[in-house]
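Below is one structure; the comments refer to it alone.
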Amino acid sequence: MSKCGKRKLTVNPKAVQTIIWGLVVFLSLCFLCCCKGKNDTPEEKNVISGTELLKTIVDNQIKPLIEEGKLVGVSVGVINGDSNAVFSYGKVHLDSNEVPDGNTIYEIGSITKVFTTLLLADAAARGKADFNDTIDKFLPADVNVPDFNGRGIRLIDLATHTSALPRIPFNMNILAGLNNPYSDYSEKELYEFLSNYKLQREPGAQYEYSNLGGGLLGHILELAEGKKYEQLVVSNICEPLGMDDTRINLSEQQKKRLAQGYGGNPLWPAGIKVPMGNWDFLVLAGCGAIRSSVNDMMKFLKANMGIDKTQLYESMEKTHRQKEEINGTMRIALGWHIMDSEDSDKDIIWHNGGTGGYRSFIGFNSKYRAGVVVLSNTASTEVDSAGFEIIFEIIEKSHDLHPEK
């Protein structure tokens, strides 16, 4: 039987040192890889801070329009979820270097109409009017109100542009007042037009956009409520929402913040812009008379989206509901238009506006909690295109803006 003895273990100090250093390097690399993975994940997914991404989205649409001279000045408000931001570009006046901001005031034109239809919904909620009331209920008895085979014009027909009234009244002297076309159109002219106009089809049967209809609805609400249109807007909408810069008649302090409006001609080079006068309204104020700022319009937008719950939300929601189909991709609600998407969750509720020297756009999608307001002191439809592109991109990048969802 062989005898087994114990082997003596010899340790090489250099080998141990090599092993230890190798282990240190290995663990360091593991740590760096972990850190690198955490820090690089947003970059790989193109996820940056929400405000930075919103600014990039807006910059991509607005900066080229300013640089190419298509727009003079622009203020943009964007909403994504609980966050919102305001970005401004260009100038309030071509002869100054003053950049607009969230408190710069612009004419919002036909966006006024969604204030008018909100006043209607609010009046209906308070029993002051009914959507199905015909307009002869409110107008003076000596006005010969038009009808079609006994079918009268209802308030809801005015609110949905299905009244069968034309876009503008034929007795408005547009050519004599292109710079301020509504300024001398009074109750007298309105009542004369209605008394002599023959409807060409049944009210409620067909969509036809009508400034006359929107203005007439505002006037009827004046008669129903016993207040002037601006008083109704201020007391029933602006005061509950804290919109102190949304008015028709501006204070001296507000006039100092009113951007100069500019118009152009499609046949002229893009950079040629002509200063335009402000538009004034009498009896048809409900179709386009309001002036406002992006900061104020953001309050209006958030209230419509239900982000800020207010006493007006129920009435606002009623104005968003579809009433008539315009075509295969567009529907009309109470004043608001609805642009259809292949995915109905991405439909956009919107309106635009324009006067002689200003252009405006407002749009939102409540399901994605995305919204935009674009106000410009340049009468250019580029504003509408930019507004749509901004909200489309906010919806498409909603995961990047909120990667935790």
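Readers should treat all values here as calculations from the given coordinates under stated rules, not as data from a laboratory. No experiment lies behind these values; they were computed from the predicted model shown. Neighbour counts are summed over all protein chains in view; Cβ atoms, including those assigned to glycine, are modelled from backbone coordinates with ideal geometry.
A few points about this structure:
- Residue selected from the stretch 357-371 under the condition touching a residue at least 24 places away in the same chain (Cβ under 8 Å) and outside any strand (DSSP E or B), by the criterion surrounded by the fewest Cβ atoms within 10 Å (Cβ to Cβ): SER366
- Residue in the stretch 381-396 that is touching a strand residue (DSSP E or B) at 6+ places or on another chain (Cβ under 8 Å) and assigned to a loop (DSSP other than H, G, I, E, B) present: yes
- Here the stretch 245-259 is the region considered, the condition is being assigned to a loop (DSSP other than H, G, I, E, B) and more than 18 Å from the chain's Cα centre (by Cα), and the residue that is surrounded by the most Cβ atoms within 10 Å (Cβ to Cβ) is ALA259.
- For the stretch 210-232, the condition holds for at least one residue, the condition being that it is in contact with a helix residue (DSSP H, G or I) (Cβ under 8 Å, 6 or more places away or on another chain) and aromatic (Phe, Trp, Tyr).
- Cβ pairs under 8 Å, 6+ apart, first in the stretch 306-330 and buried (at least 18 other Cβ atoms within 10 Å of the Cβ), second part of a helix (DSSP H, G or I) and charged (D, E, K, R): LEU312/ASP122; SER315/ASP122
- All positions within the stretch 306-345 that are farther than 17 Å from LEU158 by Cα, in contact with a Lys or Arg (Cβ under 8 Å, 6 or more places away or on another chain) and of a type outside the set (A, V, I, L, M, F, W, C): ASP308, ASP340, ASP345
- Residues within the stretch 193-214 that are among the aliphatic types (A, V, I, L, M), in a loop (DSSP other than H, G, I, E, B) and buried (at least 18 other Cβ atoms within 10 Å of the Cβ), tallied: 0
- Counted residues, the stretch 293-307 - those being closer than 18 Å to ILE248 by Cβ and small (Gly, Ala, Ser): 1
Yes/no per residue for (1) out of contact with any Gly (no Cβ under 9 Å at 6 or more places or on another chain); (2) assigned to a helix (DSSP H, G or I); (3) farther than 30 Å from VAL92 by Cβ; (4) not hydroxyl-bearing (Ser, Thr, Tyr):
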| position | (1), (2), (3), (4) |
| --- | --- |
| TYR191 | yes, yes, yes, no |
| LEU216 | no, yes, yes, yes |
| ALA224 | yes, yes, yes, yes |
| ASN265 | yes, no, no, yes |
| ILE272 | no, no, no, yes |
